[in-house]
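Beneath this line is the structure, given in C-alpha cells, with notes to follow.
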Number of protein chains: 4
Amino acid sequence: MNFASDTSAPAHPRVLEALADANCGMEASYGGDSVTASLRPLLEAAFETADFDYWMTASGTASNALALACLCPSTGAVLCHEEAHIERDERGAPEFFSGGGKLRLLKGFGARIDREALEAALAANNPAFVHETPAHALSLTNLTECGTAYRAADVALYARLAKEKGLWVHLDGARLGNALLSTRSSAADMTWRAGVDVLSFGLTKTGAFGCELILLFGRARTKFAELKVRAKRSGHMPAKMRFIAAQARAMLEDGLWLELAAEANARSGELADAFIGAGFELAYPVDGNEVFAYLPEEVAARLQAAGAKFYPWPGGCYRFVCSWNTPAADIEALAAAL
Amino acid sequence: MNFASDTSAPAHPRVLEALADANCGMEASYGGDSVTASLRPLLEAAFETADFDYWMTASGTASNALALACLCPSTGAVLCHEEAHIERDERGAPEFFSGGGKLRLLKGFGARIDREALEAALAANNPAFVHETPAHALSLTNLTECGTAYRAADVALYARLAKEKGLWVHLDGARLGNALLSTRSSAADMTWRAGVDVLSFGLTKTGAFGCELILLFGRARTKFAELKVRAKRSGHMPAKMRFIAAQARAMLEDGLWLELAAEANARSGELADAFIGAGFELAYPVDGNEVFAYLPEEVAARLQAAGAKFYPWPGGCYRFVCSWNTPAADIEALAAAL
Amino acid sequence: MNFASDTSAPAHPRVLEALADANCGMEASYGGDSVTASLRPLLEAAFETADFDYWMTASGTASNALALACLCPSTGAVLCHEEAHIERDERGAPEFFSGGGKLRLLKGFGARIDREALEAALAANNPAFVHETPAHALSLTNLTECGTAYRAADVALYARLAKEKGLWVHLDGARLGNALLSTRSSAADMTWRAGVDVLSFGLTKTGAFGCELILLFGRARTKFAELKVRAKRSGHMPAKMRFIAAQARAMLEDGLWLELAAEANARSGELADAFIGAGFELAYPVDGNEVFAYLPEEVAARLQAAGAKFYPWPGGCYRFVCSWNTPAADIEALAAAL
Amino acid sequence: MNFASDTSAPAHPRVLEALADANCGMEASYGGDSVTASLRPLLEAAFETADFDYWMTASGTASNALALACLCPSTGAVLCHEEAHIERDERGAPEFFSGGGKLRLLKGFGARIDREALEAALAANNPAFVHETPAHALSLTNLTECGTAYRAADVALYARLAKEKGLWVHLDGARLGNALLSTRSSAADMTWRAGVDVLSFGLTKTGAFGCELILLFGRARTKFAELKVRAKRSGHMPAKMRFIAAQARAMLEDGLWLELAAEANARSGELADAFIGAGFELAYPVDGNEVFAYLPEEVAARLQAAGAKFYPWPGGCYRFVCSWNTPAADIEALAAAL
C-alpha cells in the first residue's frame, strides 16, 4: 500500500525492453543517435503536428527549468501558482537556470490559478518600468499539484490572456496524460492548439525510468538552439542519449503512456470512492492520479499501521498517489483499513 | 570500425541486467532507495575506506560542475589544464554551477599540467588581494584528455602543493579505470590517499548507460549537504535514482568496471602498435583507451573510406578511442587499411 | 511643490563642503583613504558600539543586495514583506547578487510584516528538506515602504524569532533616521541591540548625493571580507572612495543626518495635518517623511494643476514624500490647493 | 611623488564646481534629470555623431561588465588580452554580470592583442558546436594596461576581423584620452568609425570623482533598454544621477578631459626621459600616462626612500602612473633621486 508517490513505482516492462533493444551497436552521442531521431514520427502522431522541436532530460525539474530559462531572461519573471512544483519543490531551479529570474506567485483553489489573479497580474505588468521585474512567461501545471485539471478551454483562455500581454506560455505536464484523460482532451488541444509554446512532457511518473521531453511548438522553435546550449551547460545532454530516447519510444508506441495514466487514474477514482464511502471529505476534485483526503489523525495513524504509505500535505489533508503499478488490491486493503 | 568515442558504445549486458533487477516493487524516491544504499559497501571495497559520501548523476559534465561548485565559490577560480574537459567541452558548466567562478588555465604536454606552471600559479595566488580572483581548487583529469595518465605519485605531489596553499583538489575521473590500469595504481592510491578531496568517478564511458559518481572524501564530506542541494536545484536528483544506482552496482560488483577498462586499454594498445608498425607517429603516450596519431590527410581519408570513424584533433593529429565493446577485429581491419 | 521623492532633492550644502574638503592631495584608492578611515569614530558614536565593520556604496539597491548576498546563499531565501523595496523596486537585485536566491513574501498592514505571518513562515522553515528553499535571513525595512515604522521592540521581537530558527537579520534603513525620530529610538536600540546583524544605512534620501553605508554588527563581521569581494565584483568598490566617505562624514558630524530627517518628518507631519484638516483619509500612520492619502481623482488633478508632483500608489492612494529640502511654504501651498 | 595610480588623484576643481552647480532645486531621479539630458550635445560634439545612447556609472568595473553583459550571453565568451583589466583586476565582474560567461585570453606584447592570436581565435570560433563556448564579443583596451596604445587603424582592423565572424566590439577606454593624444586620433576615429560598438568611456582616472560613461553606437543601441535594466538590477542606476552627470559635463565642456589627459601624458613623457637619461630600460613604449621601467632593486628602494610611491609589476618592472595632478616638480625630484 505505497501511495507516497508515483515516482516510487518501477518502470513498465516495455520500457525496459525498449532499453534492451536500444542497447546494441555503436551510436552517435549527445542526441545524434537513431533512437532519438525515431521519436519524431511518434511525437507527430501524439501531438497531431510536425511544427515542433524536442529535447529530453531525465529530470522533470531540469525540463521545467530549461524550458523557462529559454522563455524568461534573468531580468524577468514567470507567473505561476503559489503551489506550483517550480516554486515549491524544485529548490530554486528556475531562478538558477534563468540566472536570477523571479517567480511571481498567483492564488487559486486546488492549485489552479484564479482568472482574476491572472488578469490582475497581467494588467499590472509593465515591461517599460525599469524598477519592477516584468513577467515574460506564464507557467501552468496540468495535472496540478493538487490533482485537479485545467480543461483545454481553460488553458486556451489563460494562454490567450497571457499572449495578449506578450508573454510566453509554458505547461508543466509532469502528469499530462492523467489530465488529458479526465478532461477527455487530446494532447494537441491541451497544448499547442490552446496556445502552449513550450511543454514539459513528463513520462517518468507515468511509467518510465527517467524521461522528460521538452517540446517547443511553433514560434518557440526559435529557442531550440538555446535550449540545447543550456542543456549541455547544465549537464542535461547525456552522452548516451539513446537510453533516454528508448524510454520515450516505449511510452509513445501504441499509446502506452495514456494506457498507464488510465490505470493510475482508475485506481485514484476507486480510492476517492473509498474515502467518500467511508465518510471522509476530499480536499480537491480528483482529476487524475492523486487523492487529497481530510482524515482525522487517528485514522491516518490506523492506515499507516496497516502498512499504507502517504504524506501529510499543507492545508491539513493527506496526499495519496496512485501509479500504473498500484494494485487494485491495495485500494481494497486501504478501504478495509478505513 | 567506430573509434569516434567511448560514449558511442552500448552498455554492458550486466548493466542492463542490474537495471532489470532493480525494476521491481516500490522504492523511496530521490536517492532514498535500497539500491543506492547498497552501493556503500561496494564503494568501500573499491576505495579501501569508509570515510566518504557519494552522489550520482547521469552526466559527467554535471558531476564535475557540481563537485567544483561545492569547492569553489562564485568569487573564486579553479586551476586546470587548458585542454581540460571542464574548459573545452562543457560549455561553461563550471562557471554556470559556481555562479560565475573562473577557470585559470595551465599549460603542459599531453594535457598534464606542468609542475612549473602549477607552482607559478600557486605562488601568485593571493586570496587577500580583492581585485584578483583567487584559486580555491585544483582540478586534475586522469586519464587526461590526451589519453595520458598522471601516476599516483604525480597526483599526490600536485595535491600536496595545492593544499599547502589552501586549495581543494578535484579529480575528473571520467576514465579513471583506464588510468589506474596503465599506472598499476589502486583507486585509493590515486584518489584520497594522494590527497584528492572530490572525485568525479565516471562509469558511463567505461560501460554504463549514464552513471557518474561523485565521491567526497574526508574533510570534503562537510560539503555533502550542499552537494545534494545543488544536485536538486540543477535537476540532478532524479526521482527514480535507483536506476542510476543499479548501473553503478553492476559496474562495481566483481570489478566489472576495471575489467571493461582493461579491454578498452588492450584494444588501444593494439591500435597504437598498428600505427607505429605502419610507420606513423603518435602524438602522446598511450596510457589508456585513446590513441592520438599523426596521419597524412590521404591516410586519414583512406581509413574513413574503409569505414573508420574518428575525429581530427587540435594540434594536427587524429583521435581514436576504444571502448569495452571495440572488437579486436576492428583493430585488425584498421591495421589492414593503414 | 515636488513631493515625488526624497531622491529628487539636492544634497545638503554641508555635504558639498565635505566633498570639497576631501578633494585635495593624493589618497589611497578603493577605500584605503583617510576619509573612509575617519568614519569609524563617527559611526561608533552614532551606534554606541565599536563592534562593527562598514562599507559604502552610492546605491541603496546595491547596499541591500550586497548585504543579503552575504547572508543568503544562492540556494536559500530571504523573508521580507511583499511590498518591500527589495521585492518591488530593485529589479531582482537580491536574486542577481545572491546568484538565484529567492525572496519569500510575507503580508502585513502598512508594509510591516504581521507577526503571525512571520511565525508561520519560520515554523514551516526546514533547511533539512532538500526540495524546498529554506530562509536564511529576515529583511525588515524601517521606515517601511508605506511610511510606517517598526518600534525598536518590534524589531527586537522579530529578530529574536528569526534567530531562534537560525536566520540572520537585515534591516533596510534607507530612511532609518526618519523611523528613529518618530519612534524616539536610538540607532543602537533599533539595530544591533535589537538583534540586527546587517544594516543598510541610507544617507542619500536623507540629504547626501549618493551614500549608503553597510554595517555588519558582531557575528556578522565574519562576512566582511566576503562583502568587500562582492562589492569589488559588482562595481561597488569605487577607486576614489573618499568622495563617498566625505558625504558620510558630513552627515554623521554633529548629527546632521538626524537633523535633516527631523526636518523632513516635520514637513510630513504638517502635510498629514493638511490632508486630515481638509477631510481626507490617510492610508497609513505617518511615522516618517511619507504621507499616503486617499484623494478623489478630481482633487488629485487639482493639486497637479496647482503644480504639485506626487505619485499614485498601489491600493488606490497617492504618495507624498517630504525631504530635508521641502519648504514649509510648499506645504502651505498644497493645503491651500486642497 | 605619488605615482601609485591616477585614481589616487583628486578631482579637478571644475568638476567640483559643476557638482555645486547641479546641486540646486528638485530633479527627476534615476537619470531623468536635466543634467543627464544636457550631456547629449556635448557627447555629440566629442564623438561627431548623434547615433548613440549613453548611460553612466561611478565605476569602471561596472561600466565594462554592464557593457559586456549586453553583448555576451551567459553561454558565450569574450575575447580579450590576458592582461586586460577585465581579466586581471575586476574580480570576475564580467562573469558575474553575464551570468557565467567566459573570458578567452589572447596573448600579445605590451597588453596589445597579437593579430595572429586574434585571427586564430576567430578562426576556431564555432557557435554551432554546442560543447564549446563561442566568443560573442572582442574587448580591446586603449590605453592598454601596459600603457601602450592601439592606433585607430589597429582598432579598425581588429574590429573588422571580429565582425566578419559576427562578434561585437567593445573598447575599454578607462584612459581613452591618453591614447587619443598619443596616437593623434579623434574620439570618433578610435571608436565608432573604427567599428567599436560599445565604449566604456572613463573619466575618473582623467580627473572626475567617479564618472564612467557607457556609449552604445549604431546597431548596439538596440541594447540600450537592456543596459538600463542591468544597471538598475546591479545598483548602477543611482537615484541622484545628476551628480554623476555633472562630472561628465565638466569634463566634456571645452574639452577638459583631453586637456587633463595631455597634462598626464606630458608628465609621463618627462618621466620616461628621466629613466632613459639615467640609463634604465623601459618595458613598453610610453603611449599615455603610464611608465613601466626596469629598475634594480636598490634603485627602487632608493626611490621609495626618497618618498616615491609606485608598484612592482608582473614581469619584473615597476609601474609609475601620472595624473592631471602630478606636479612637474615630482618628476624632477624623481629624476634627482635616480
>> Positive end of the dipole of region A:256-337, charges at C-beta (+1 Lys, Arg; -1 Asp, Glu), about the Cα centre: which of A:Leu282, A:Phe320, A:Ala301 has its Cα farthest in that direction?
In response: A:Ala301
> What does the accessible area per residue of the protein assembly as shown come to in Å², with a 1.4 Å probe and no ligands, DNA or RNA counted?
Replying inline: 32
> Once every DSSP H run of n ≥ 4 in chain C is given -39500 (n - 2.57) and the sum is divided by its residues, what mean residue ellipticity at 222 nm do you get, rounded to the nearest 500 deg cm²/dmol?
Replying inline: -12000 deg cm²/dmol
> Which percent of the accessible area of region A:256-337 is formed by carbon and sulfur heavy atoms (probe 1.4 angstrom)?
Replying inline: 54
>> Among A:Val15, A:Ala179, A:Asn64, which residue has its Cα furthest toward the positive end of the charge dipole of region A:13-254, with +1 on Lys/Arg Cβ and -1 on Asp/Glu Cβ?
In response: A:Asn64
>> Using a 10 Å cut-off around each Cβ of peptide D:201-208, what is the average number of partner chain Cβ atoms that fall inside?
In response: 1
> When the dipole is taken about the Cα centre of the protein assembly as shown, and only Lys, Arg (+1) and Asp, Glu (-1) are charged at their Cβ, what size is it in debye, to the nearest 20?
Replying inline: 0
>> Interface size between chain C and chain D, please: total buried accessible area, 1.4 Å probe, rounded to the nearest 100 Å².
In response: 3800
> Taking N as the number of residues in chain A, what is its alpha-carbon radius of gyration divided by 2.2 N^0.38 Å?
Replying inline: 0.99
>> Please list, by residue number, every one of the chymotrypsin sites (Phe, Trp or Tyr not before Pro) in region B:79-154 that is coil in DSSP and has at most 14 other beta-carbon atoms within 10 Å.
In response: B:Phe129
> Relative contact order (percent) for chain C, with alpha-carbon contacts under 8 angstrom and 6 or more residues of separation?
Replying inline: 24
>> About the Cα centre, and with charges only on the beta carbon of Lys, Arg (+1) and Asp, Glu (-1), how big is the dipole of region B:1-147? Nearest 20 debye, please.
In response: 300
>> Please report, for A:Lys163, the nm distances (one decimal) from its label point, 7 Å out from Cα along the beta-carbon direction, to the equivalent points in the remaining copies, shortest first.
In response: 3.8, 5.5, 6.0
> If contacts are Cα pairs under 8 angstrom and at least 6 residues apart, what is the relative contact order of region D:250-338 in percent?
Replying inline: 35
>> Using a 10 Å cut-off around each Cβ of peptide A:307-313, what is the average number of partner chain Cβ atoms that fall inside?
In response: 0
> Peptides D:101-108, C:233-240, A:34-41, A:189-196: what's the order by average Cβ count within 10 Å, highest mean first?
Replying inline: C:233-240, A:189-196, D:101-108, A:34-41
>> Using a label point 7 Å beyond Cα on the Cα-Cβ vector, give me the inter-copy distances for C:Ala328 in nanometres, one decimal, shortest first.
In response: 5.7, 8.9, 10.5
> Among B:Ala336, B:Ala264, B:Ala248, whose Cα sits farthest toward the positive end of the charge dipole of region B:207-338 (+1 at Cβ of Lys/Arg, -1 at Cβ of Asp/Glu, about the Cα centre)?
Replying inline: B:Ala248
> In whole Å, what three semi-axes, largest first, describe the equivalent ellipsoid of the protein assembly as shown built from its Cα gyration tensor (square root of 5 times each eigenvalue)?
Replying inline: 52, 44, 27
> When the dipole is taken about the Cα centre of region D:256-337, and only Lys, Arg (+1) and Asp, Glu (-1) are charged at their Cβ, what size is it in debye, to the nearest 20?
Replying inline: 220
>> Can you return the lysines within cross-link range of A:Lys165? Criterion is Cα-Cα under 19 Å, with same-chain partners fewer than 8 residues away left out.
In response: A:Lys102
> Can you give the % of DSSP beta bridges in the protein assembly as shown that are antiparallel, to the nearest 5?
Replying inline: 50
> Given labels modelled 7 Å from the Cα in the Cβ direction, how far is it in nm from B:Arg184 to A:Arg160?
Replying inline: 7.8
> On the accessible surface of region B:43-137, probed at 1.4 Å, how many percent belong to carbon and sulfur atoms?
Replying inline: 52
> When Lys and Arg each count +1 and Asp and Glu each count -1, what net charge do the other residues less than 15 Å away from A:Ala278, Cβ to Cβ, add up to?
Replying inline: -4
> Which length gain, in nm to one decimal place, applies between C:Glu332 and C:Ala20 when the Cα-Cα distance is subtracted from 0.36 nm times their residue separation?
Replying inline: 108.8 nm
> What translational D, rounded to a whole number of µm²/s, comes out for region A:256-337 from Stokes-Einstein when the hydrodynamic radius is the Kirkwood one over Cα pairs, at 10 °C and 1.306 mPa s?
Replying inline: 125
> Which whole-angstrom value gives the distance between the alpha carbon centres of region C:283-299 and region A:72-130?
Replying inline: 30
> Taking N as the number of residues in region A:48-179, what is its Cα Rg relative to 2.2 N^0.38 Å?
Replying inline: 1.00
> Taking the label point 7 Å from Cα in the Cβ direction, how far apart in nm is B:Ala124 from each other copy of itself, listed shortest first?
Replying inline: 1.8, 5.1, 5.1
>> Averaged over its residues, how many other protein chain Cβ atoms are within 10 Å of peptide B:221-233's Cβ atoms?
In response: 4
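The values are calculated or read from the model by the stated rules, or taken from the named source; none is laboratory data. Values in this document were obtained by computation on a predicted structure and should not be read as measured data. Virtual Cβ from ideal backbone geometry, glycine too; neighbours counted across all protein chains shown. Remember, those area values only see protein heavy atoms, side chains included, never the ligands or the DNA or RNA. Shrake-Rupley method; radii C 1.70, N 1.55, O 1.52, S 1.80 Å.
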